[in-house]
């Protein structure tokens, strides 16, 4: 069975962005590693386009399906997603005629699950589901949201878990999420394997070709902190701006690089201005995935603040592992199980509480100890190479695929024999 080369179809929820075409795990595992093992991988994702487009990206065929903007209305959103799903289903049927898929895998979407289940049942192939975030069952705490939208979201959430139970296998993003799915949603523990974030240590390593970037951002002779990620209000990133404000009072030659974009970026810029940090907190905007190692190499210390709310507590932060692969010590908050586990096991950073004082103390401690920065950076890289290499994770996924296909077809063969014996 392991000699067979698989034809894998991946349905991705994230809107296509040419600068950052998919999440790092998708790019590395499904764009590079699995194709390098000889498997054929096809991605389908939505995009702000008018007609279906095919692209060749990394080593996969990528199909982008038109998805209209739905703004704030959940009703319009559902209508647009149904329309997109119909186009998606028709495309998959057409693709399957030319080259039969062995596996279909969906990610973070009720509508992708529906399409996958239909394909799985009609074409008799295994369906896997990857889930990287979980919405709280009761979202009625928000007073400024439309009650109809909230009700529709709640119904969608209920429907979501009913559909997940029909998946042949599930990849949650963390061990904590697996526990939640088993205990709270009564899913079968035997068909769940946590798939946390990893890193491509062959691409993420300390870069020395960064002099131009240093000059561009005026970073010479400074201790540099870095944050990489989406900037939205729910992440409470004002915490690190305020912590840096206190650091700056004690160590003047320091800078904070903020890499990324999001609806909360303007508020963070405004806060930096109010605190007289506008020349020291540098917002670069979104950076192409291939350039991120260079930006991390500009820094001395990586910041990984994750707000300990219901959704983020189950997360697995990519930024933490990317910092570590580039030999940068990490300051992260212990309320997130994944951060606490990785930093404790690796020795690649400092654990603090999720408040500005704790982050400030951690930042000061590392900024004043060059030897500790070097030691923790080395520990971190060694650990991620041994434990979180995407290539290693891709081999585990490949193993699960083969086991699942073998079990899937064995079960179908038994059911067929049983049906024939009855007749």
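Taking Cα atoms, how many degrees apart are the long axis of helix 356-367 and the longest axis of the chain, rounded to 10 and kept between 0 and 90?
Taking Cα atoms only, the helix is inclined about 70 degrees.
If a paramagnetic tag sat 7 Å from the Cα of residue 341 along the Cα-Cβ line, which residues of the range 155-183 would have the backbone N under 12 Å from that point?
Once the point is set 7 Å along Cα→Cβ of residue 341, 172-180 turn out to lie under 12 Å by backbone N, inside the range 155-183.
Out of every Cα pair in the range 211-387, what percent are spaced more than 25 Å from each other?
Values: 3861 of 15576 pairs.
Of all Cα-Cα distances in the range 211-387, 25 percent exceed 25 Å.
Roughly what angle does helix 337-346 make with the longest principal axis of the chain, taking Cα atoms, 0 to 90 degrees, to the nearest 10?
Around 70 degrees separate the two axes.
How much mean residue ellipticity at 222 nm does the chain get from its helices, if each DSSP H run of length 4 or more adds -39500 (n - 2.57) and you divide by all residues, to the nearest 500 deg cm²/dmol? Walk me through the numbers before you get to the answer.
Values: 13 runs with 182 residues, N = 423.
Only helices count here, giving -14000 deg cm²/dmol.
Starting from 0.36 nm per residue, how many nanometres of slack lie between residue 61 and residue 410 once their C-alpha separation is accounted for? Walk me through the numbers before you get to the answer.
Working: separation 349, 0.36 × 349 = 125.64 nm, distance 3.02 nm.
Roughly 122.6 nm would be gained on extension.
Any idea what Rg and Dmax come out to for the chain if you just take the C-alpha atoms, in Å?
Using the Cα atoms of the chain, the pair Rg, Dmax is 22.9, 84 Å.
Return the single residue from 382, 278, 212 with maximal mean-square fluctuation; model: Gaussian network over the chain, springs between Cα atoms under 10 Å.
With Cα springs under 10 Å in the chain, the top fluctuation among 382, 278, 212 is at 212.
Under 4 °C and 1.567 mPa s, how fast does the range 1-101 diffuse according to Stokes-Einstein, given a Kirkwood radius computed over C-alpha pairs? Answer in µm²/s, whole number. Please list the in-between numbers first.
Values: Rh = 14.5 Å.
D, rounded to a whole number, is 89 µm²/s.
Highest mean first, how do 258-270, 50-62, 225-237 rank when packing is the count of other Cβ atoms within 10 Å averaged over residues? Before the final figure, lay out the partial values.
Working: 258-270: 17.1, 50-62: 13.9, 225-237: 19.6.
In decreasing order of mean packing, 258-270, 50-62, 225-237 become 225-237, 258-270, 50-62.
For the range 1-46 and the range 334-357, compute the distance between their C-alpha centroids and round to whole Å.
31
If R0 is 30 Å, what FRET efficiency do you get for residue 263 and residue 217 from their C-beta distance, rounded to 0.05?
Values: r = 24 Å, r/R0 = 0.79.
Calculated transfer efficiency: 0.80.
Helix 370-387: angle to the longest alpha-carbon principal axis of the chain, degrees 0 to 90, nearest 10?
With rounding to tens, the tilt is 10 degrees.
We did not get these values from a lab; they are worked out from the coordinates using the rules stated. Here the structure is a predicted model, which is why all the values come from computation and not from measurement. Methodologically, a virtual Cβ is constructed for each residue, glycine included, from the backbone with ideal geometry; neighbour enumeration extends over all protein chains shown.
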